[in-house]
1. Stretch ASP9-ASP45 to full length: gain in nm at 0.36 nm per residue minus the Cα-Cα span?
2. Residue by residue through the range 52-66, which ³J(HN,Hα) values in whole Hz follow from phi under the Karplus form 6.51 cos²θ - 1.76 cosθ + 1.60 (θ = phi - 60°), with glycine and proline marked x?
3. If I model a spin label at PHE69 and GLU87 as a point 7 Å from the Cα along the Cα→Cβ vector, what separation in nanometres do I get?
4. Compute the convex hull volume of the Cα atoms of the range 1-62, divide it by the residue count, and report the result per residue in Å³ as a whole number.
5. I'd like the FRET efficiency for MET52 and GLU78, computed as 1/(1 + (r/R0)^6) with the beta carbon distance as r and R0 of 41 Å, rounded to 0.05.
6. Determine, for TYR77, TYR8, the number of other Cβ atoms within 10 Å of each Cβ, and report the residues in order from fewest to most.
Amino acid sequence: MTTIYKQYDQFDFEQQIMECWRVTDDIQTVNEYLLDAPLEENREDKIANMLMGIESLYSTRFNKLFRMFEQFNSERYELLNKIKELENASESGIEGTREGSLQVRLEEAEGSSS
């Protein structure tokens, strides 16, 4: 099975955090049902089904949130590595170009050819 992951941005990440907070609303809904619903037949089964549904839903939401978190950490790690490479290159007399390749500074190249 091929897994396709969407590229998420910061807005998606924030929205998913807010979606996960909705668990408190869902728990409150079940609580209200427990307090307000008349004692009816199969009430325990309904409550168990509600709780299993909430568990399954939030397991999926939290897994999605964690995938987003991993993506952002991976992107951050790659960015920090690129910054570190550019700093190291700068210290050794090499600077990064727009394309990401490295080139020797013109002054140093001209000085070694004379």
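1. Length gained, ASP9 through ASP45: 8.9 nm.
2. Result, ordered by residue: 5, x, 4, 4, 5, 4, 6, 4, 5, 5, 5, 5, 4, 4, 5 Hz.
3. My value for the distance between the label points is 2.6 nm.
4. Cα convex hull per residue, to the nearest whole number: 83 Å³.
5. 0.55
6. In increasing order of surrounding Cβ atoms, one gets TYR77, TYR8.
A short reminder: the numbers here are calculations on the coordinates, not readings from a lab. Note that the structure is predicted; figures quoted are calculated from it, not measured. Methodologically, a virtual Cβ is constructed for each residue, glycine included, from the backbone with ideal geometry; neighbour enumeration extends over all protein chains shown.
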